[in-house]
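Here's the structure we're looking at; comments come further down.
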Amino acid sequence: MAGGPERLILPHFERILEICRIRGWREGHKTLTVDRDGLKAILQEILRALPFDERWYIDNYPDVADGIAKGEIASARTHYMEFGFFEGRLPGLNGFDGAAYCRHYPDLAPLLAQPHGAALAQSHFIEHGYREGRETPAREIEIPPRQEATTQPLS
């Protein structure tokens, strides 16, 4: 599933079971097994669909920039999907809001009282928060109201 053009639909579920080497589904087991390469394939498909900031990644990971310059790494995104995510690297900050982050975590609220508090919050997230499992406050996603299907005769 890694590589290739961007997908518009997922592969057939049976194909996903094969590609990801998932065992126990067909037998109805509650506990499934997936091997290391299968888990990596699943995660890479998820990563492919998520935002990635190539410029931020290169600017913040000089070893990647160096590898790209030397021709050892195809692209920042390729590095992230093959290695960076599994090394605990961030794909970018995707509109990180330092003030919202501090409001979400009361122990970080004092950062906002300091000069450049939002920048300090960003540094905290990069250096500690991401590894600690702290989340960036979710942005609101507007979901349009559900429209009822109507049956109209074909003309």
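From (1) modelled with pLDDT of 95 or more; (2) more than 30 Å from Ile9 (Cβ to Cβ), pick out the condition that doesn't hold for Phe83.
(2)
Restricting attention to the range 84-131, and to residues there that are over 23 Å from Asp53 (Cα atoms) and touching a residue at least 24 places away in the same chain (Cβ under 8 Å), which single residue is surrounded by the most Cβ atoms within 10 Å (Cβ to Cβ)?
So the residue we want is Tyr105.
Tell me which of these Lys70 doesn't satisfy, since it passes every other one: (1) at pLDDT below 95; (2) over 14 Å from the mean Cα position of the chain (by Cα); (3) of a type in the set (Lys, Arg).
(1)
From the set of residues in the range 19-64 that are under 18 Å from the mean Cα position of the chain (by Cα) and of a type in the set (Phe, Trp, Tyr), which is farthest from Glu82 (Cα to Cα)?
Among those that are under 18 Å from the mean Cα position of the chain (by Cα) and of a type in the set (Phe, Trp, Tyr), it is Trp56.
The values are calculated or read from the model by the stated rules, or taken from the named source; none is laboratory data. Keep in mind that this is a model prediction, so the values were computed, not measured. So basically every Cβ, Gly included, is an ideal-geometry build from the backbone, and we count neighbours across all protein chains shown.
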